[in-house]
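Each reported figure results from applying straightforward, stated rules to the coordinates on display, with no laboratory input. These figures come from a predicted structure and were not determined experimentally. A quick note on method: Cβ atoms are made from the backbone with ideal geometry, for glycine too, and the neighbour counts reach across all protein chains shown.
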Amino acid sequence: MLEITWFVLWVLLWAIYLVLDGADFGTGILAPFLAKTPQEKRDTYLAVGPFWDGNEVWLIAAGGVTFAAFPKAYAVLFSAMYAPLLIFLFVLIFRATAIEFQLHMTHPTWKAVWEKIYWGSNALAPLLLGVFFANLFTGIPIDENGVYHGSLLGLFTPYTCLTAALFLVLFCMHGSIWLAIKTDGDLKTRAIRLARILWPITGITLFLFLWKSYCTTSIYIAYRENLGLMLVPTVLILAILGIGFFLKKELSLWTWVLSALTILTLLFWGMLGIFPNMILSSLSPDFSIGIFEAASSPLTLKIMLGVALVFVPIVIVYQIWAHSLFFKTRNM
């Protein structure tokens, strides 16, 4: 039971990170296209400025849980997908540096350079995350010892590229809704207009992804065997449709909540589809790594659960406070 609890918490931590930092990625990607004046450019940075580093706490938590709760899975993941994960780490470093440098640079050339680095890092991050999770959904070539028998290029397939594209457009829509909520005036109007354009593109890409997943992965087997799990894809479809409904009316916080719910249920849809495995082997199902095999000792999981029950609510309360304090860019 502890192993299942931590598996759900592990997926949830990843999902929260994707929801929160996904808005930052999308905002950063769209900033050059939406902001027309220096003040509007500054507003796009301020829309993520107080939050991006706090959002990455959830990434650290997800990585820490992987290491402590599922050490075998951690070892295999960071061996097989070492290159894309390392690139993702450097992308986050460059993004953080670019946020600070472009706000304080006075020389126009260097300011433009850091603006391009900021845009590039935000655009690359969703693509890498898409490749990472797509390989979890399809499986990676590991043997009975967890040794990876593949190459960096082997991680890139039509399915993983489609998943990367889905993450990109989904985060862009998510970010445009976030920017519309966080700003006012012409910038808000342009963000809403772009969100309305991105919504059908995201919906079509999601449909193609779900169809390709049916053709490429074994995810749907779990849903056929347990119809109760169908609640997850049902909520996913309703959430993406709900976004379109609210975008046609006056924009509200519910639009962003539904966008966040789309990201959250999308990740749970994929990870529940491979449960009770954490890492699928494309060489043989017998080589896959399950949660019970990968988990730490029951004592370790109990201690970690106690710590999580204390500190996770503290982090949640802090982030709610920070978002309420800096709800509008003009208040920063």
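Taking a straight Cα-Cα cut-off under 17 Å and skipping sequence neighbours fewer than 8 places away in the same chain, the lysines within cross-link reach of residue 36 are 111, 116, 182, 188. The ratio of the alpha-carbon radius of gyration of the chain to the globular-protein estimate 2.2 N^0.38 Å is 1.00. Here the chain is treated with +1 on each Lys and Arg Cβ and -1 on each Asp and Glu Cβ, and its dipole about the Cα centre works out to around 1080 debye.
Legend: ranking of residues 78, 246 from fewest to most surrounding C-beta atoms inside 10 Å; resulting order 78, 246.
The stretch between residue 72 and residue 153 holds 26.8 nm of extra length on full extension. This uses 0.36 nm per residue minus the Cα-Cα distance.
If I stretch the segment between residue 204 and residue 87 completely, what's the gain in nm (0.36 nm per residue apart, minus their alpha carbon distance), one decimal? Display every interim value, and only then the final one.
Numbers: separation 117, 0.36 × 117 = 42.12 nm, distance 2.88 nm.
Contour length minus Cα-Cα distance gives 39.2 nm.
The distance separating the Cα centre of the range 236-269 from that of the range 1-71 comes to 17 Å. Within the chain, the selection of entire DSSP H helices by a Cα span of 30 Å or greater along the long axis and an average Kyte-Doolittle value of at least 0.0 returns 2-34, 82-104, 108-138, 158-182, 185-216, 253-274, 298-325.
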